[in-house]
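Comments concern the structure below.
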Amino acid sequence: MKLTIKVPASTSNLGPGFDCIGVALTLYNEFYFERSKQWEFIGFNEKYNNMDNLVYKAMERTYQYAKKVVTPYKITIIQCIPIARGLGSSSTCVVAGVLAANYFLDNIFSKKDVLNIATSLEGHPDNAAPAIFGNCVCSYIIDGEVKYVNYEINQNIQFTCAIPPFSLNTSLARSVLPKTLSYEDNIFNTSRAINIPHALMMGDLKLLYDLLDDKIHQPYRFPLIEESQNFIAFSKQNKIPFCISGSGSALLFITKDPIIHRLREISLTKRWEFIMLSVNKTGAIIDTIAT
């Protein structure tokens, strides 16, 4: 028997919703698990063909929660989500590992438990939550336990990702953030973030254009993303909702109509890739294949 887990990409933050808001997208990494005499990692970057592999770490952590010792598996990934671009690639590995371990432990943990275990590895739930539950998820933590609210997104909403040929390391993206924030900046972000789920549910692009502005992280991260100013100018000129996807380097436009043909007209020196995605409504899907 081969276990298969299909985990969606996710975009987080959506401007002011720093580490709190995430949306699942229709782009996927697929994982296959087979019992083995030793650990095997197929399809991963060579540097992760060992115990530093996030899927392995997530499985091990889940077994630790169950007070059991994890046994070896052959783990294969079909990688479709670009790595280190702010589209939740690492979260798919963590979520797949926790879900796989839970399956092999006879599903002793609930989906809420799965989110808490994944967050213990990720540090925050903004990507893991939508990868598990689908749709838009707003999360917060109380006494180490993740709480969340799941919101439907208007069926006409589309997410166009502008993906550059370079990555942005999450640790670098966090290192440029300010150590302290003013009341004014906090109020600016909070007043916008609290209305994002409503705007997504209603498909209100005009409102979203106003809401995706941010003073906590994007002003410090845009300079790390070459040619981002070209896309900022395009967004302002056309009044299209726009933000960094996660911590970058991918950028995100929210529309109802296709805009890829217009993005290709922007003067750029780098070879950017553009993909249009919809919201994933199911989250990760588990299945088995007879072998």
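The values are calculated or read from the model by the stated rules, or taken from the named source; none is laboratory data. Computed from a predicted structure; not experimentally measured. Please note: Cβ atoms are built from the backbone with ideal geometry, for glycine as well, and neighbour counts cover all protein chains shown. Keep in mind that these areas ignore ligands, DNA and RNA; they rest on the heavy atoms of the full protein, side chains included. Shrake-Rupley method; radii C 1.70, N 1.55, O 1.52, S 1.80 Å.
Between helix 111-122 and the chain there is an angle of about 70 degrees, using the helix long axis and the longest principal axis of the Cα atoms.
Just the protein heavy atoms count here, and of the accessible area of segment 48-128 at 1.4 Å, carbon and sulfur take up 52 percent. Using the alpha-carbon centroid of each, what span in Å lies between segment 87-135 and segment 272-291? Their Cα centres are 15 Å away from one another. Each Lys and Arg Cβ is given +1 and each Asp and Glu Cβ -1; about its Cα centre, the chain then shows a dipole of about 320 debye.
Using a Debye calculation, one point per C-alpha and no hydration shell, please list log10 I(q)/I(0) for segment 90-157 at q = 0.12, 0.14, 0.22, 0.27 Å⁻¹ in order. Those come out to -0.30, -0.41, -0.90, -1.19, one per q. Among 178-186, 1-9, the peptide with the highest mean count of other Cβ atoms within 10 Å heads the list, and the full ranking is 1-9, 178-186. Placing a label point 7 Å from the Cα of residue 152 along the Cα-to-Cβ direction, the residues of segment 201-219 whose backbone N falls under 20 Å of that point are 201-205, 208. Considering only 123, 49, 89, the residue lying farthest towards the positive end of the dipole of segment 1-124 is 49, judged by Cα position with unit charges set on Cβ.
Would you calculate the convex hull of the Cα atoms in segment 243-286 and tell me its volume per residue in Å³? Kindly include the intermediate steps, with their values, before the conclusion.
Numbers: hull volume 5.3 nm³, N = 44.
Taking only Cα atoms, segment 243-286 has a hull volume of 120 Å³ per residue.
Just tell me which lysines come within less than 22 Å, Cα to Cα, of residue 111; anything on the same chain fewer than 8 places away is out. Cross-link targets: 2, 6, 57, 67, 68, 147, 281.
For segment 1-156, give the magnitude of the charge dipole about the Cα centre (Cβ charges: +1 Lys/Arg, -1 Asp/Glu; no others), in debye to the nearest 20. Please report the intermediate quantities before stating the final value.
Working: 14 positive and 14 negative charges, 82 e Å.
That gives segment 1-156 a dipole magnitude of about 400 debye.
Counting only alpha carbon atoms, the long axis of helix 183-193 and the longest principal axis of the chain meet at about 70°. Mind checking which of 217, 279, 291 is farthest towards the positive end of segment 188-291's charge dipole, using Cβ charges of +1 (Lys, Arg) and -1 (Asp, Glu) about the Cα centre? After comparing all options, I get 217. Note on segment 136-192: along the principal axes its Cα atoms extend 38, 37, 27 Å, ordered by decreasing extent. The alpha carbons of segment 149-291 stretch over 54, 38, 35 Å along the principal axes, in descending order. Taking the square roots of 5 times each eigenvalue of the Cα gyration tensor of segment 214-259, largest first, gives ellipsoid semi-axes of 18, 11, 10 Å. Ranked from largest, the principal axis spans of the Cα set of segment 34-184 equal 56, 39, 37 Å. Protection proxy ranking of 239-252, 56-69, by the mean of other Cβ atoms within 10 Å over each peptide's residues and highest first, is 239-252, 56-69. Once every Cα of the chain carries one equal point scatterer and solvent is ignored, give the base-10 log of I(q)/I(0) from the Debye formula at q = 0.12, 0.14 Å⁻¹, two decimals. Scattering profile of the chain, log10 relative to I(0): -0.75, -1.00. Across the alpha-carbon atoms of segment 188-268, the computed radius of gyration and Dmax are 12.7, 35 angstrom. Hydrodynamic estimate: the Kirkwood radius of segment 1-100 over Cα pairs, inserted into Stokes-Einstein at 25 °C and 0.890 mPa s, corresponds to D of 174 µm²/s.
Restricting the calculation to alpha carbons of segment 141-230 gives Rg and Dmax of 15.7, 42 angstrom. Calculated [222 nm] ellipticity per residue, helices only, for the chain: -9000 deg cm²/dmol; basis is -39500 (n - 2.57) per DSSP H run with n ≥ 4, divided by all residues, nearest 500.
Cα gyration tensor of segment 165-207, axes a ≥ b ≥ c as square roots of the eigenvalues: rounded (a/c below 1.5), prolate (a/b > b/c) or oblate?
Values: a/c = 3.84, a/b = 1.38, b/c = 2.79.
Note, shape of segment 165-207 comes out oblate.
Please state the charge dipole magnitude for segment 95-219, taken about the Cα centre, from unit charges on C-beta atoms (+1 on K and R, -1 on D and E), reported in debye and rounded to the nearest 20.
Working: 8 positive and 13 negative charges, 29 e Å.
Its charge dipole is roughly 140 debye.
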